[in-house]
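Participant: The following block contains the structure, expressed as structure tokens.
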Amino acid sequence: MADIVTNHKGRRDYHILETFEAGIVLHGTEVKSLRAGKGQITDAFARVDKNEVWLYNAHIDEYSHGNLQNHEPKSPRKLLLHKSEIRKLFGLAAVKGNALIPLAFYWKNGKVKVVLAVGKGKQQFDKREDLKKRESDRELKRAAMRRR
């Protein structure tokens, strides 16, 4: 599974509670632009509106060889999920402090898929703890390599 675009801020700023795989409705020029790697989802988020899930603020650059039918870079895009998954997302997103965030776009059988996560926002001290833990893990690995 090769990622097209990843959201590095997603795992840094949120505790990931659950992830879902969703399809996404795209126009032809959007797909071509993603094939060229011209996308960004760091500020993107999702919402459940009228039993549909929509992705907002995902920036897909206009296709360089497009014509008048080129797409709008930051338009809302519909995510494709089963009804039971949408109901579950609605319940999880309704909890205060939870957010629906995309973690990555990737290819699966020639189609673009989205890893959509339910995350709870981290506080500043949580981020510091993660940095300390990561640094201590690195030190342990370095010490183990020196012993060899």
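Participant: If I filter segment 65-82 down to residues being polar (S, T, N, Q) and out of contact with any Ser or Thr (no Cβ under 8 Å at 6 or more places or on another chain), which single residue comes out as modelled with the highest pLDDT?
Facilitator: Ser75
Participant: Does Gly10 satisfy the criteria of being outside any strand (DSSP E or B), surrounded by 15 or more Cβ atoms within 10 Å (Cβ to Cβ) and either in contact with a Phe, Trp or Tyr (Cβ under 9 Å, 6 or more places away or on another chain) or modelled with pLDDT under 85 (or both)?
Facilitator: Against the criterion (outside any strand (DSSP E or B), surrounded by 15 or more Cβ atoms within 10 Å (Cβ to Cβ) and either in contact with a Phe, Trp or Tyr (Cβ under 9 Å, 6 or more places away or on another chain) or modelled with pLDDT under 85 (or both)), Gly10 does not qualify.
Yes/no per residue for (1) closer than 14 Å to Arg12 by Cβ; (2) under 15 Å from the mean Cα position of the chain (by Cα); (3) of a type in the set (Gly, Ala, Ser); (4) at pLDDT 90 or above:
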residue	(1), (2), (3), (4)
Ser84	no, no, yes, yes
Arg87	no, no, no, yes
Phe105	no, yes, no, yes
Lys113	no, yes, no, yes
Ala117	yes, yes, yes, yes
Lys122	yes, no, no, no
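Participant: So, Ile41, is that one buried (at least 19 other Cβ atoms within 10 Å of the Cβ), touching a Pro at 6+ places or on another chain (Cβ under 9 Å) and free of Cβ contacts under 8 Å to residues at least 60 places away in the same chain or not?
Facilitator: For Ile41, the condition - buried (at least 19 other Cβ atoms within 10 Å of the Cβ), touching a Pro at 6+ places or on another chain (Cβ under 9 Å) and free of Cβ contacts under 8 Å to residues at least 60 places away in the same chain - is not met.
Participant: Ok, one more. Answer with yes or no whether Glu72 is more than 13 Å from the chain's Cα centre (by Cα) and within 25 Å of Glu85 (Cα to Cα).
Facilitator: Criteria not met by Glu72.
Participant: Look at Ile101 and say whether it is surrounded by 14 or more Cβ atoms within 10 Å (Cβ to Cβ), over 20 Å from Arg35 (Cβ atoms) and within 14 Å of the chain's Cα centre (by Cα).
Facilitator: yes
Participant: A further question on this structure: Can you tell me which residue among Phe90, Phe125 is in contact (Cβ under 8 Å) with a residue 40 or more places away in the chain and part of a helix (DSSP H, G or I)?
Facilitator: Among Phe90, Phe125, only Phe90 is in contact (Cβ under 8 Å) with a residue 40 or more places away in the chain and part of a helix (DSSP H, G or I).
Participant: Is it the case, given these coordinates, that Glu85 is surrounded by 11 or more Cβ atoms within 10 Å (Cβ to Cβ), of a type outside the set (A, V, I, L, M, F, W, C), in a helix (DSSP H, G or I) and in contact (Cβ under 8 Å) with a residue 12 or more places away in the chain?
Facilitator: Considered against the rule, which asks whether it is surrounded by 11 or more Cβ atoms within 10 Å (Cβ to Cβ), of a type outside the set (A, V, I, L, M, F, W, C), in a helix (DSSP H, G or I) and in contact (Cβ under 8 Å) with a residue 12 or more places away in the chain, Glu85 comes out as yes.
The values are calculated or read from the model by the stated rules, or taken from the named source; none is laboratory data. Not measured: the values here are computed from a predicted model. Cβ atoms come from the backbone with ideal geometry, glycine included; neighbour counts cover every protein chain shown.
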